[in-house]
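First up is the structure itself, then whatever we jot down about it.
The values are calculated or read from the model by the stated rules, or taken from the named source; none is laboratory data. Note that this is a predicted model, so its numbers are computed, not measured. Here the Cβ positions follow ideal geometry from the backbone for every residue, glycine too, while neighbour counts run over all protein chains shown.
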Amino acid sequence: MRRLACTLLLALGSLSQGLAVEGASFPAVSGSGGAVASAENASTEVGIEILRAGGNAVDAAVATALALAVVHPEAGNLGGGGFAVVRIDGQLASLDFREAAPADATRDMYLDAEGRPVDDASRVGPLAAGVPGSPTGLFELHQRFGDLPWSQVVRPARLLAAEGFIVTSRLHRSLSSERESLERFPETVRVWLPEGRPPAVGSRMRLPALATTLEAYAEAGPRALTSGSVARAIERASDAHGGLLKASDLASYRAVWRQPLTFDAFGWKLASMDLPSSGGIILAQTVALLESLGWRQMPRFGADRAHLLAEVWRRSFADRFLMGDPVTTEADSQSLLAHDWLAYWRSTIRMDRASLSADLARLPESLPPESSDTTHVAVADRSGNLVALTTTLNDTFGCRLLVPEAGFFLNNEMDDFAVAPGRPNLYGLVQGEANAVRPGNRMLSSMTPTLVWRGSEAVVLGGRGGSRIPTAVAQVLLRLLVDGDPLQTAVDRPRLHHQWLPDILRVEADALSPETVQELLSRGHEVEIWTRDAKVNAVRVLENGTFEAAADPRGPGSAGVVTPMD
Ligand code: GLY
């Protein structure tokens, strides 16, 4: 994998360095002209090339996200949505381009007459699709903060789609493992399972319909996708398979600039995403509670810190039950981060005994399998600009339906609503009435695009993995800000996860010693080894102006930096 990455970079004649990681750990790459981390070599290279061409961090992040829409179709998208948190010329902003429920959506649209969820309708097929936000969101982000012409930012993705890219073993694997659900849609089969199977590893994949869509997007901006023939094609494809999406939904979609959620922790300043993502609130609660409970003074390894993480997350995810679209939810970041509320939660935590999640609310009846497909882009440029941009289709290849004329997949983000309030979703998350399906509402997310800074030092990070994102981001930050780990080590180290329900502390292999596990069991935790933690991408600016980039060895990931011009 490493050799492949270097060959690609040499072939591109790039001044950057980079590497792809999947299941193996490498040192973070470092340079002095900016840094990009994303899921794929090809997309990270696009970001680096844009920085080298004089683009700022927003130009690079948007170009990288569009490249991901081509080479990483599991999650990169034009048919999904996402969030961005940026610091440009010292100004903080966050953009919500989360999908929204179509106008014809109804609260019980996924339930039968007895109130039971119908098959997999909220996950597979276009009934699962929210109104895509990416076409509008990526454009607006660039319009407000980008430096380069829009057409220059879209061009690398268009070229990747038109001229083709090499099918990686990772993409081949994803297509193979999702084959059965992809096969339900002839439109998808024609592009991604030609001759009945995924394209061979190493073959060149061209996506002419997507290239045409990107060309129109470069010329006309989001109108090219939210009105006219592409919007009509989306409605047609959706209608043909029982979906609700209409061209009028696309035309009326708006991205929303929101106040970023800002807070301090351990002497650093942080900015993350507020509702309709729960990620920023969970992260802010986590660091605030840990700091006030003496995290810094606790032994780094051993049961106390693991116990405290489980206790804090149990409470943060119980609060998540109250969250939803800020238009209709009563709980907001202000009340959930209020001094009194955090003090109350603190007073309920005992160091010698685990709480029971059931004491904080009611248990789900069953647990579904976990899966996820979201992708994070982290960029820092030499002018001090920072961009954390996370986009998603929700599940791998979204709802699996590819719109043939447009060349991209539609999301299955509707499953992030509380499809049946009180029952677990794709991530095992039990969600409340606040997040019930309402036409036009945004479904609650866990994405956690985050910026951290202290003087001239900065970190940009985020990840994929649904409910596991905020807990992974929190752990990487604690290792960097409190324990002083190098960037790559902070990303690599095994992690823990708890999300209130199910009431289980999930631990990656080697995260805890057998003695620590024993101690946690004796305090009353249920502990389970798992391999499904989030994947975090991060870049960092050191005090001396050096840039570092790190991709998660849990993969896929690719980190690149710009090195000095000769
Ligand atoms: N679709 C996963 C999330 O937004 O959290």
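Descriptive notes on the structure:
- Verdict on H172 being modelled with pLDDT of 95 or more and under 30 Å from V86 (Cα atoms): no
- Number of the exception - A35 against (1) in a strand (DSSP E or B); (2) modelled with pLDDT under 95; (3) more than 27 Å from F408 (Cα to Cα): (2)
- One residue from P186, P199 being free of Cβ contacts under 8 Å to residues at least 60 places away in the same chain and within 24 Å of K246 (Cβ to Cβ): P186
- Lone qualifier among A358, A343, A388 - being away from the ligand (no atom under 16 Å from the Cβ) and either part of a loop (DSSP other than H, G, I, E, B) or modelled with pLDDT of 95 or more (or both): A343
- Criterion (buried (at least 18 other Cβ atoms within 10 Å of the Cβ), in contact (Cβ under 8 Å) with a residue 24 or more places away in the chain and either away from the ligand (no atom under 16 Å from the Cβ) or aliphatic (A, V, I, L, M) (or both)) met by exactly one of L214, L193: L214
- Of residues in the stretch 415-433 being in a loop (DSSP other than H, G, I, E, B) and more than 16 Å from the ligand (Cβ to nearest atom), the one modelled with the highest pLDDT: A420
- Residue match in the stretch 329-350 (condition: surrounded by 18 or more Cβ atoms within 10 Å (Cβ to Cβ) and within 21 Å of the chain's Cα centre (by Cα)): yes
- Meeting the requirement of 1 or more residues that are surrounded by fewer than 24 Cβ atoms within 10 Å (Cβ to Cβ) and among the basic types (K, R), the helices (runs of 4 or more DSSP H) wholly within the stretch 434-548 are 468-481.
- T396 within 12 Å of the ligand (Cβ to nearest atom) and in a strand (DSSP E or B): no
- G484 small (G, A, S) and within 26 Å of R320 (Cα to Cα): no
- Every residue from the stretch 457-471 that is away from the ligand (no atom under 12 Å from the Cβ) and either at pLDDT below 95 or in contact with an Asp or Glu (Cβ under 6 Å, 6 or more places away or on another chain) (or both): E457
- The set of residues from the stretch 131-164 being touching a strand residue (DSSP E or B) at 6+ places or on another chain (Cβ under 8 Å), surrounded by fewer than 24 Cβ atoms within 10 Å (Cβ to Cβ) and closer than 20 Å to G80 by Cβ comprises T136, E140.
- Close pairs (7 angstrom Cβ cut-off, 6 or more residues apart or separate chains): at positive phi and in contact (Cβ under 8 Å) with a residue 24 or more places away in the chain in the stretch 419-448, crowded, with 18+ Cβ neighbours inside 10 Å and β-branched (V, I, T) anywhere: G422/V430
- The criterion of at least 3 residues that are under 21 Å from the mean Cα position of the chain (by Cα) is met by the following helices (runs of 4 or more DSSP H) wholly inside the stretch 122-237: 134-145, 169-177.
- Condition met for S16 (modelled with pLDDT under 60, more than 21 Å from the chain's Cα centre (by Cα) and not aliphatic (A, V, I, L, M)): yes
- Residue tally, condition in contact with a strand residue (DSSP E or B) (Cβ under 8 Å, 6 or more places away or on another chain), touching a residue at least 60 places away in the same chain (Cβ under 8 Å) and over 18 Å from T374 (Cβ atoms), over the stretch 110-130: 3
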